[in-house]
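Notes follow the structure.
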């Protein structure tokens with residue numbers, strides 16, 4: 001098909017452009033692969049590992065945790081324990097505050113009922129003391 005439309009596509013310029021694009025993409029991919037391989041090998045050498053032995057392992061970089069990672073993990077566990085303790089304290093305070101609030105609401109309702117009863121009695125007394133008009 002390219003040969004059929006060769007004159008309409010730009011002729012030799014089209015073919016040369018596509019070849020340059022193909023070469024550029026190939027070179028870029030090869031450079032990416034080489035860079036990634038060198039970085040992986042360099043990291044493996046720093047850790048004292050054989051880069052070829054771990055290249056196909058799923059856990060190549062993180063199979064064993066270091067002592068620093070274990071210390072950080074222990075520190076985080078301690079912090080979690082402390083935060084859980086604080087959370088329990090806050091929950092207990094919240095429960096006691098809710099209980100006090102419920103008690104105060106109950107007292108307000110009782111006082112409101114007493115106030116209404118007293119107002120009703122006062123109203124009845126005022127009505128009974130009014131002089132009757134004839």
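Taking the three principal axes of the alpha carbon atoms in region 65-128, the coordinate ranges are 92, 9, 9 Å, sorted in descending order.
Label separation (residue 129 vs residue 43): 9.3 nm, computed from points 7 Å beyond Cα along the C-beta direction.
Quick note: the coordinates plus some simple rules give every number you see, no bench work behind them. Keep in mind it's a predicted model, so treat the numbers as computed, not measured. All Cβ positions, even for glycine, are placed from backbone atoms using ideal geometry, and neighbour counts span all protein chains on display.
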